[in-house]
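J.: Below: one structure in structure tokens.
FYI, it's all coordinate maths here, none of it is from the lab. Not measured: the values here are computed from a predicted model. Virtual Cβ from ideal backbone geometry, glycine too; neighbours counted across all protein chains shown.
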Amino acid sequence: MAKIKVTKVKSAINRTQNQKRVLEALGLRKIGHTVEHQDTPNILGMINKVKHLVSVEETK
């Protein structure tokens, strides 16, 4: 499985509680914070929910 880097680029203020929980579950706190995750269907679904708040890039 490949790894992906997820970076928070926008604030979670005025977002739904569900989107805030997804960001918390991904491990993203402050703007500019980056985390690495495995490229699994669960993680990709979570990223799809907050795709307007994060940027994603593949790593090897």
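J.: Quickly work out the residue 29-to-residue 5 label distance, labels modelled 7 Å from Cα along the C-beta direction, and quote it in nm with one decimal.
T.: Between residue 5 and residue 29, the simple spin-label model gives 2.0 nm.
J.: Counting only the backbone N, which residues of region 8-33 are under 13 Å from the spot 7 Å out from the Cα of residue 40 toward its beta-carbon?
T.: Taking a point 7 Å out along Cα→Cβ of residue 40, the residues of region 8-33 whose backbone N falls under 13 Å are 26.
J.: Continuing with the same structure: Please report how many Lys pairs in the chain have alpha carbons closer than 22 angstrom, counting only residues at least 8 apart along the chain or sitting on separate chains.
T.: Close lysine pairs found across the chain: 24.
J.: Here's a follow-up. Would you please give the residues with an amide H less than 5 Å from that of residue 54, counting only those at least 5 places away or on a separate chain, with H modeled from the backbone geometry?
T.: Those qualifying (amide H under 5 Å, at least 5 residues apart or on another chain) are 9.
J.: Among 26, 1, 53, which residue has its Cα furthest toward the positive end of the charge dipole of the chain, with +1 on Lys/Arg Cβ and -1 on Asp/Glu Cβ?
T.: So the residue furthest toward the plus end is 53.
J.: Might you report the magnitude of the Cβ-based charge dipole of the chain about its Cα centre, with Lys and Arg at +1 and Asp and Glu at -1, to the nearest 20 debye?
T.: Dipole about the Cα centre, nearest 20: 280 debye.
J.: On C-alpha positions alone, give me the angle between the axis of helix 17-26 and the longest principal axis of the chain, in degrees, nearest 10.
T.: Computed tilt is about 30 degrees.
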